[in-house]
Amino acid sequence: MTRIRSLTDLTFKALGGQPAFRPGDIESFVDARRIAVLAYVRMDGRPNQVPIWYTYKDGTFFMTTVTDGPKHRALSRSPRVCITIQDEKPPYKAVIIDGEAKLAPVDHDNDPTAGMAVRYFGKVGAAAYDKVTKETYEAKGLTLITVAPSEIKGFDNTQALSAAERGFIGLRERLPIPRRWL
């Protein structure tokens, strides 16, 4: 598989007749602080999805999981994954990435996910999170999940609307009247 340097190295496929991302917008969208959904195949063959923090750098996604946990065991058996990153605010946009997960022990001296708790929670929240997870992570260890994308698809509905329409949609969410009226 060819290693990409940026998601724009892949051909973006728009889904269901919806507008595609502009090439320059994809990198900043996935680089923003968002929760991804990682889909993989469970040990019994059923699909599974989990929300997960990630770091994106140079065309690669990095995540962690507890060593020898269900996700780790499933990805060891079947590395095919799908990552969805979406904006929950109307008019909605999402990027869906297919790829294969590679697993390795976390190298704490060269960890691309270092600082993720601060990224998602801030310093105070990260300190509290580290207290909650420290015992488990020390006892079981952490495994680095590295995903090199092979395909990218999705949609950016903001491309289909004017600035005024996008503004109204944002305002609509804040108005103290039933949304069905608008």
*Between residue 175 and residue 140, how many nm apart are label points set 7 Å from Cα along the C-beta direction?*
4.8 nm
_Rel. contact order, % - alpha carbon contacts under 8 angstrom, at least six apart, the chain_ = 29 percent
_Three-way shape call for the range 65-173 based on the alpha-carbon gyration tensor, with the a/c threshold at 1.5_ = oblate
*lysines with Cα under 28 Å of residue 153, excluding same-chain neighbours fewer than 8 positions away*: 13, 57, 71, 89, 93, 102
*asked:* Compute, for the range 80-182, the length of the dipole vector about the Cα centre, with Cβ point charges of +1 (Lys, Arg) and -1 (Asp, Glu) only. Units Debye, rounded to 20.
replied: 620 debye
*Span-like helices, the chain: DSSP H, alpha-carbon axial extent 18 Å or more, mean Kyte-Doolittle -0.5 or greater, which ones?*
116-140
*Which whole-number percent of Cα pairs in the range 62-120 have a distance greater than 18 Å?*
52 percent
*Dipole size in debye (nearest 20) for the chain around its Cα centre, Lys and Arg Cβ +1, Asp and Glu Cβ -1?*
580 debye
*Could you work out Rg/(2.2 N^0.38 Å) for the chain, with Rg from alpha carbons only?*
1.16
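None of the figures in this text is laboratory data; all of them are computed from the coordinates on show. Quantities reported herein were computed from a predicted structural model and do not represent experimental measurements. With ideal geometry, Cβ positions are generated from the backbone for all residues, glycine too; neighbour counts draw on all protein chains shown.
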